[in-house]
1. With the structure loaded, tell me whether residue 119 is part of a loop (DSSP other than H, G, I, E, B), in contact (Cβ under 8 Å) with a residue 24 or more places away in the chain and surrounded by fewer than 24 Cβ atoms within 10 Å (Cβ to Cβ) or whether it fails that test.
2. Can you find a residue in the stretch 43-53 that is in the same structural domain as residue 106 (by TED's automatic domain parsing), touching a helix residue (DSSP H, G or I) at 6+ places or on another chain (Cβ under 9 Å) and either under 15 Å from residue 95 (Cα atoms) or crowded, with 24+ Cβ neighbours inside 10 Å (or both)?
3. Return a yes/no flag: does the stretch 75-92 have any residue that is outside any strand (DSSP E or B), surrounded by 20 or more Cβ atoms within 10 Å (Cβ to Cβ), free of Cβ contacts under 8 Å to residues at least 60 places away in the same chain and in contact with a strand residue (DSSP E or B) (Cβ under 7 Å, 6 or more places away or on another chain).
4. Looking for something modelled with pLDDT of 95 or more, at positive phi and loosely packed, with under 15 Cβ neighbours inside 10 Å - is there at least one such residue anywhere in the stretch 153-166?
5. Which of (1) surrounded by fewer than 20 Cβ atoms within 10 Å (Cβ to Cβ); (2) at pLDDT 95 or above; (3) closer than 30 Å to residue 226 by Cβ is the odd one out, the single condition residue 197 does not satisfy?
6. Can residue 133 be described as assigned to a helix (DSSP H, G or I) and at pLDDT 95 or above?
7. Given the criterion crowded, with 16+ Cβ neighbours inside 10 Å, in contact with a strand residue (DSSP E or B) (Cβ under 7 Å, 6 or more places away or on another chain) and either outside any loop (DSSP other than H, G, I, E, B) or not assigned by TED's automatic domain parsing to the domain that holds residue 33 (or both), identify the matching residue among 103, 109.
8. Being without any contact (Cβ under 8 Å) to a residue 40 or more places away in the chain and either outside any strand (DSSP E or B) or surrounded by fewer than 16 Cβ atoms within 10 Å (Cβ to Cβ) (or both) is the filter here, so list the residues in the stretch 225-252 that pass it.
């Protein structure tokens, strides 16, 4: 059995550009890998099996058939039958790339188990998988798969506030398209690189990082799930420098000034909030 881990993520910046002929959208994203890691163990087996554990909500919604990304990841490496054990720490379907982290960990573990090169086409598993492999901080363009590592000084203290229920990423994108069409705000050019945010990351200026954090998908997520606005408002009232929907949601993340502030913000939400930091390393072998 080989075990690998990979990080969940938030998008400190996520701008959505025109819809492409492929059906995807051109985006510009700043990824931050979190010290909140998924672990996947892979072993040769006589029958296919996926076991899921973890101390987070909605574990029952994680697929245990071949639709799970870990199974698709392993098939990029081998045609042999394998079994998986997934230990989840990242909120499920929360806009934080937990499934992509699982896929990245499964890719690395499978490659180690079968002594093969890591596949170069991980983006076929989803635009977030290549980032889960490298971790750290990165600028993502194209559909998010063209990655440029970014420099960051220090670390960010992040509070994650999961929400009941789920938001489908395709539904959120589709709703954003509808909102933009109704408001006559359909973009015609590629999203602009967030220069101020990148400079703030390089100097470790937390206030400036929070000031320039942004998510285009939040408009659609709040429209579909208005109660998320209350979570954002409560986080800011508790001391967050900023708070916003993570990716397509429904998890909300808050940027805290320091560890003490993060703990204070989390206390506003009882046991449901998760305090973590970033950046974190990419996928790595654990055992």
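The values are calculated or read from the model by the stated rules, or taken from the named source; none is laboratory data. On a predicted model such as this, the values are computed, not experimentally measured, just so you know. Note: ideal-geometry Cβ built from the backbone for every residue, glycine included; neighbour counts use all protein chains shown.
1. On the way: part of a loop (DSSP other than H, G, I, E, B): yes; in contact (Cβ under 8 Å) with a residue 24 or more places away in the chain: yes; surrounded by fewer than 24 Cβ atoms within 10 Å (Cβ to Cβ): yes.
Here the answer is yes, as residue 119 does meet what is asked.
2. No, every residue in the stretch 43-53 fails to be in the same structural domain as residue 106 (by TED's automatic domain parsing), touching a helix residue (DSSP H, G or I) at 6+ places or on another chain (Cβ under 9 Å) and either under 15 Å from residue 95 (Cα atoms) or crowded, with 24+ Cβ neighbours inside 10 Å (or both).
3. So far as the stretch 75-92 goes, no, none of its residues is outside any strand (DSSP E or B), surrounded by 20 or more Cβ atoms within 10 Å (Cβ to Cβ), free of Cβ contacts under 8 Å to residues at least 60 places away in the same chain and in contact with a strand residue (DSSP E or B) (Cβ under 7 Å, 6 or more places away or on another chain).
4. Yes - at least one qualifying residue is present in the stretch 153-166.
5. For residue 197, the failing item is (1).
6. For residue 133, the condition - assigned to a helix (DSSP H, G or I) and at pLDDT 95 or above - is met.
7. The unique qualifying residue is 109.
8. 226, 229, 230, 232, 233, 234, 236, 237, 238, 239, 241
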